[in-house]
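A.B. asks: One structure, pasted below without further comment.
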Amino acid sequence: MENPPQSPSPDDDFSSLPLEFVSFPPLPNPNPNPIPNPYPITPVSTSGSDPNANPDVSSLFSLSIPKKRRRGRPQKTSSLQFQQFIQQQFQTTKPSATQNPNAPAQRPVPDISEEIIVINKEATAEAITALTAGFPADSLSDEEIESGVVSVIGGIEQVNYILIRNHIIAKWRENVNNWLTKEMFLNSIPKHCHGFLDSAYNYLVSHGYVNFGVSQAIKERIPSESPKARVIVVGAGLAGLGAARQLMRLGFKVTVLEGRKRAGGRVYTKKMEGGGGGNKASASADLGGSVLTGTLGNPLGILARQLGLGNSLHKVRDKCPLYRVDGQPVDLDVDMKVETAFNRLLDKASRLRQLMGEVSMDVSLGAALETFRQDYGDAGEKEEINLFNWHCANLEYANAGLLSKLSLAFWDQDDPYDMGGDHCFLPGGNGRLVQALVENVPILYERTVNTIRYGSDGVQVIAGSQVFEGDMVLCTVPLGVLKSGSIKFVPELPQRKLDGIKRLGYGLLNKVAMLFPYVFWETDLDTFGHLTDDSSSRGEFFLFYSYATVSGGPLLLALVAGEAAHKFESMPPTDAVTQVLQILKGIYEPKGITVPEPIQTVCTRWGSDPFTLGSYSNVAVGASGDDYDILAESVGDGRLFFAGEATTRRYPATMHGAFLSGLREAANMAHFASTRAVRAKISRNPSKNVHSCASLLADLFREPNLEFGSFSVIFGLKNNDPKATAILRVTFSDPRKQTQDGSRPEQQHSNKLLFQQLQSHFNQQQQLHVYTLLSKQQALQLREVRGGDDMRMKFLCEKLGVKLIGRKGLGPTADSLIASIKAERAIRKPASSALALKSGTTKLQKGSLKKKLIRRAKIVRNNSKFAPPNATIGKKSEEILAIDQTPPVSAADLVLVVSDLSTMPPLE
C-alpha cells in the first residue's frame, strides 16, 4: 500500500469518491452568541514585536491537546509541551496609558473609571489559568452574561471585571486547600473596582469555580443547620455528590437517594484480592471511569490535590505497542503509517462535513470513513487493514458508540474544550475521590426511584413504597436510564426534552479485570493493544491497561468496545477470561514468558446494569451539541433539575464533566430558591405599599430587555421558553416622540385621539405608564411591527388581543415575575456600582446603553427557538386603560381616557 499524498488538495480528497454531494453553507456555529472582544488581540510576532502586545488567545485552540480520537491510546503531547507552547504564544500584558514613550503627553487628570487596571504582572498567566477553568481568557462566558456580572457588555468595565475574575481564579489555584475570602483582594484591587470584585467573587463562589471540594477549610464552611429549602438528589454519582456538597455548603437541606448499595455510580473502584502463601495479591481496579483526561484545570485533579494526592498522579505513558493476531509485534513504521493515514481520513471527513453543511447531520462518521477507505482497503495488506480496524475500535471506545451511529457533523463537537495536560491514573483508584465526596453527605442507599412529581408547591420522589418530599429535585441518573423510561415524571417532561433524550446517543464499554500473582508484562508501559482479523469484533480485547504501578498489585484490564461490547454482555465470564488469556499467551510465550492463571477476575456488564444501561453519551446521527443543553434545562419553573455527563456539551462522557454539571446545577437551584424567597416575601405583603411596588417596577424598566418606540419589555433571562411571561410597558409622554420611529404622517393611524387625549393631561416632566402581560414571543413579534407606535398599538390590541392596565391590575402573576427578575438582576448591582464616579453619579460611555440593548436583544433572538404564537391574552371587548403614574393624578385628569381599543379603525 502506498502512502497517501502528503498535501492533498480539496479536489483530490473528494473527486474520486463513489458518492455525490452538494456544497451547502457551513454548519451553524454551535455557540451562536459570539462574545465581542473588548480589546482586540494580535498575534505575537517572532521579530520586532511589542513586548506589551496582547497575545492571540484564539491560537490556543489550535494546539494539539488530547482529542477523542486519541483517547484510548495515549496522546504524545505532554503537559511540558503545553506549557512551552503557552510561553511561546503569550507574553505578560501590561496595560498602561503610557506604553509608548514617544506618544504625546496625556491630558491631565484622566477618569480612573475609564482606565484598565493593573493588578500585577501576571495578567497573561492568570488568563491561561482562567482558560483551563473553562472561561474565555479575554471575554465573558455566556453564563456570566446571563448572570449580569457587568452592567454593560464590552468596553473598559468588562476588561477590568475579567482581569479581576482571572486573578481570583489564579489565586485560589495557588492553594486549593484554603477558603478564599473577598477581603484578601481589597488591597490589590483599586477601590473604584471593588464593585467588580464583589461581582466576580460572588459569581465564582456561587457557581463552584473556587472554594469547592473536600479540603478541611471548605468542609468547615458547611453549616450545622440547614435553614434553606429541602433538596432531593437522585443518584450518588459524581454529579449528585458534587451538587449535594455544594448545596449543603450553601445552606440547603439535602437528601441523596441511591439505588445501589454504594456511591459513585459509573465510577467504581473494586478491591480485588486472592491467592495464598507467596502468591497472595491485592489491587484496586477501576471498573468504570478510570482516566483523568487532562489535568490542567480538571476539578477532579483539584480534589486529588486537596487529598494530598496531586503529586502521586500517574501520567499514562506514551508507549503503546500493538501486537498482531499471531502475537508478533506490529512494525513501528507500519504502525505509524496507518495511524497517519487514519488521522488523515478523519481530517477528510471534517472537510467533507463542511462541504455538506447541515446535510452532514444525517450522515454517520462511519459511512464517511468507509467511503474514504474503499480504495485504501482494496490495495492495503491484511496487517494494515487490521491496524485500520484497531484505530476504528479505539475511536468507538473514545465515544462509547458505533462509528455507524456517530454524527459526522458533531461527533467531536466537544474537542475545543478538552482540558490540556496529561492523562493520568489516580493511585488507589478513583474511588478515593468518591469516598471523600461521600463524607457527611446524607445518602439513603437501595432507594430505587420510580416516580418524580413536580409542581408549584414542590416535589415528590417515590422510591418503592417511600415518598420523599422537598422543594426541588435534582435528577442525575444516566442517559440510558432516562431513555428506558424507568422513571416516570409527573407531569411528563416537555417534548423538547424528550426529543433531546431520544436524539443523543448512549454507548457501551466493558472491561475484564484480572489480578495475577505477579507482573509478567513489561513494566515500562501502561497500555498495549491487540489486533483482530474480524472487523465485526475489532473492539474485542483491543486494548490493555496495566494498573501495576497504581493499583497496588499485578492488575491488567482488557477493554471491550464497539459492537463487541454489546456481544460481551451475553458472553459467559469464563469464555471471556479464556480468550483474554489466549491473547496474552500468544504475545508473551513466544518471548519465553509464562502467563500464570489469574488469581481473581471480574467482567463488567454496564449495559445490563439497571442503574446505568450503558456507559456514556455521544452525539448520534441527527443529534448535536444543543441536545446536551436541552438535557440540562430545568423543568417546572425551577422545581426539577438535571445533571450528569450527558447534560454538559463541553465535557460529555467524562468524569469531570459529570462533577462540573453538579456544581452548575447547585448554582441554578440556589438561584431559583432565592427567587422564590423574594416572591414569597412579596406575596405575604401584597400591595401594602403601592408606591414601593411601583418604584420597584420602575427600577426594573430602567434596564429593559427590549425597547422600541414607546414600548419596553422586561423578562427573566434564565427561562429560555419563548412562551414565558413578560411585562410590557407603554409610555405616553412627549407627543413629538411618537412619530420618530420611522413612520410617515400619512402612514399613521387615522385615529390619533387616543394618544392625544392621554398626552394632553401630561407635560414633559410627567409620564403615563400602562402595562400588560404577554409572552416573550409576542413581545418580539410586536417589536418587528413597522409603522411606528400607532401600528404597534393596533397590532397589540387587534392581533394579540391584550388589554392595557395599570400597575395594580397586573396581579400576582406579575408580582412573581417582578420578584424573579429582581432576584436575577441582584448580582448586577455590585458591578454597576463600580461605574460610580467620585461625585457619586453614574456615567455611561456614549453609545454604551445602545450597545447593551443591542446585545440583550441578540441574546434573546439567538437563544430562542420560537413556537407558534400563544393564544391571545385577554379579551378584545371592553378594553380599559387604567392609569398608574408617579406622582399620582386626580380623578378628574382621567376623564375620557377609555376605550375599546379593538374598535380602532384600520389604516387609511
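A.B. asks: Measuring from label point to label point, each 7 Å out along Cα→Cβ, what is the Asp499 to Glu439 span in nm?
C.D. replies: Here the modelled spin labels are 4.7 nm apart.
A.B. asks: From the P(r) of region 459-604, could you give the percentage of C-alpha pairs in the tail past 17 Å?
C.D. replies: Percent of Cα pairs beyond 17 Å in region 459-604: 70.
A.B. asks: Here is a follow-up. Considering only protein heavy atoms, what is the solvent-accessible area of Leu238 at a probe of 1.4 Å, reported in Å² to the nearest 10?
C.D. replies: Surface open to solvent at Leu238 totals about 10 Å².
A.B. asks: For region 463-617, with only Lys/Arg (+1) and Asp/Glu (-1) charged at the beta-carbon, what is the dipole magnitude about the Cα centre, in debye rounded to 20?
C.D. replies: Dipole about the Cα centre, nearest 20: 460 debye.
A.B. asks: How would Met793, Met184 rank on accessible area, largest to smallest, probe 1.4 Å?
C.D. replies: Per-residue accessible area, sorted high to low, gives Met184, Met793.
A.B. asks: Any idea what the dipole of region 244-364 comes to, in debye rounded to 20, about its Cα centre with Lys/Arg Cβ at +1 and Asp/Glu Cβ at -1?
C.D. replies: So the dipole magnitude of region 244-364 works out to roughly 820 debye.
A.B. asks: With a 1.4 Å probe and all protein chains kept in place, how do Lys483, Lys723 rank by accessible area, largest first?
C.D. replies: Correct descending sequence by accessible area is Lys723, Lys483.
A.B. asks: Rolling a 1.4 angstrom probe over the protein chains, ignoring ligands and nucleic acids, what is the accessible area of Glu273 in square angstrom, nearest 10?
C.D. replies: Rounded to the nearest 10, the figure is 110 Å².
A.B. asks: Using the Karplus equation 6.51 cos²θ - 1.76 cosθ + 1.60 (θ = phi - 60°), what ³J(HN,Hα) coupling, rounded to whole Hz, does each residue of region 155-167 give in order, writing x for Gly and Pro?
C.D. replies: In residue order, the calculated couplings are x, 5, 4, 5, 4, 5, 4, 4, 4, 5, 4, 4, 5 Hz.
A.B. asks: Right, next: Using a 1.4 angstrom probe with every protein chain in place, what is the largest-first accessible-area order of Tyr268, Tyr201?
C.D. replies: Sorted descending by solvent-accessible area, the residues read Tyr268, Tyr201.
A.B. asks: Based on the mean of other Cβ atoms within 10 Å per residue, sort peptides 812-825, 431-444 so the most packed one is first.
C.D. replies: Highest to lowest by the protection proxy: 812-825, 431-444.
A.B. asks: How large is ³J(HN,Hα) for each residue in region 601-618, as worked out from phi by the Karplus curve 6.51 cos²θ - 1.76 cosθ + 1.60 (θ = phi - 60°), to whole Hz, x for Gly and Pro?
C.D. replies: Going residue by residue, I get 9, 9, 10, 7, 9, 5, x, 8, 5, x, 8, 10, 6, x, 10, 7, 7, 8 Hz, with x marking Gly and Pro.
A.B. asks: Using the basic label-point model (7 angstrom from Cα toward the beta carbon), what is the Asp629 to Asp533 distance in nanometres?
C.D. replies: A separation of 5.0 nm, rounded to one decimal place.
A.B. asks: Separate question: Once amide H atoms are placed 1.01 Å from N in the peptide plane, what residues at a sequence separation of 5 or more from Leu180, or on another chain, have their amide H within under 5 Å of its amide H?
C.D. replies: Long-range HN contacts for Leu180: Asn211.
A.B. asks: Return the long-range amide H neighbours of Arg266 (sequence gap of 5 or more, or a different chain), with a cut-off of under 5 Å between placed amide H atoms.
C.D. replies: Leu238
A.B. asks: Can you give the FRET efficiency for Asp326 and Asp575, using 1/(1 + (r/R0)^6), R0 = 30 Å, r = Cβ-Cβ distance, to the nearest 0.05?
C.D. replies: Result of the calculation: an efficiency of 0.90.
A.B. asks: Follow-up question, since we're still on this one. Multiply the residue gap between Ala724 and Asn187 by 0.36 nm, knock off their C-alpha separation, and tell me the result in nm, one decimal place.
C.D. replies: Contour length minus the Cα-Cα distance gives 188.9 nm.
A.B. asks: Sticking with this structure for a sec: Given labels modelled 7 Å from the Cα in the Cβ direction, how far is it in nm from Val490 to Asn343?
C.D. replies: Once both label points are built, they end up 5.5 nm from each other.
A.B. asks: Any idea of Arg538's accessible area? Nearest 10 Å², probe 1.4 Å.
C.D. replies: 50 Å²
A.B. asks: So what are region 321-460's ellipsoid semi-axes, whole angstrom, largest first, if each one is the square root of 5 times an eigenvalue of the alpha-carbon gyration tensor?
C.D. replies: 40, 25, 14
The values are calculated or read from the model by the stated rules, or taken from the named source; none is laboratory data. Quick caveat, the model's predicted, so the values are computed rather than measured. Don't worry about glycine lacking a Cβ; one is built from the backbone with ideal geometry, like all the others, and counts go over all protein chains shown. The area values use the complete protein model at the heavy-atom level, side chains included, leaving out ligands, DNA and RNA. Shrake-Rupley method; radii C 1.70, N 1.55, O 1.52, S 1.80 Å.
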